[in-house]
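**Student:** Handing you this structure, nothing more for now.
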Amino acid sequence: MKDERKSLEEVLDFLGVHTEIPESLNIVSNTVDVSIGRFSQYLIRNRVLRSIVRNLLPEEGGVILRKIFSKETKKPTLSIEDRKFVEGIYQEDVIKLQKILERKLPWPLAKKFLE
């Protein structure tokens, strides 16, 4: 999201919720982690090890281990072909939702289907 505050205001307006938005939103976008190497990848994906870690460590322990064995990276951009594919999946649902609500949705995807 480019402008979290504006997006949140639009969602609240759409839902008919009238409230003040706090100054600090502290929005954390989902991060993308990739394993550092093959051994790290094996450790992260191994079901038996994950089960052992879950039973032995508190919830924060898994987060700490993931940070040790992986690195944070930028989200990959969605290709035009992939975007068109996803739009095709949701097109019918967006149109149905607009009919149910009897209003146009302010989403770029919804506007595209109305044209």
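**Student:** I'd like the full set of residues that are modelled with pLDDT under 85 and aromatic (Phe, Trp, Tyr), limited to the range 78-115.
**Tutor:** Trp107, Phe113
**Student:** Another question, if that's okay. In the range 92-108, what residues are surrounded by fewer than 10 Cβ atoms within 10 Å (Cβ to Cβ), at negative phi and more than 24 Å from the chain's Cα centre (by Cα)?
**Tutor:** Lys99, Ile100, listed by residue number.
**Student:** Which members of the range 1-15 meet the condition of being assigned to a helix (DSSP H, G or I) and touching a residue at least 12 places away in the same chain (Cβ under 8 Å)?
**Tutor:** Glu4, Arg5, Leu8, Glu9, Glu10, Phe14
**Student:** Mind counting the residues in the range 73-88 that are surrounded by 10 or more Cβ atoms within 10 Å (Cβ to Cβ) and touching a strand residue (DSSP E or B) at 6+ places or on another chain (Cβ under 6 Å)?
**Tutor:** Result for the range 73-88: 1.
**Student:** Right, another one. Among what's in the range 33-53 and is farther than 12 Å from Ile68 by Cα and in contact with a Leu (Cβ under 7 Å, 6 or more places away or on another chain), pick the residue that is surrounded by the most Cβ atoms within 10 Å (Cβ to Cβ).
**Tutor:** Among residues in the range 33-53 that are farther than 12 Å from Ile68 by Cα and in contact with a Leu (Cβ under 7 Å, 6 or more places away or on another chain), the one surrounded by the most Cβ atoms within 10 Å (Cβ to Cβ) is Val53.
The values are calculated or read from the model by the stated rules, or taken from the named source; none is laboratory data. From a predicted model like this one, the values you see are computed outputs, not experimental measurements. Virtual Cβ from ideal backbone geometry, glycine too; neighbours counted across all protein chains shown.
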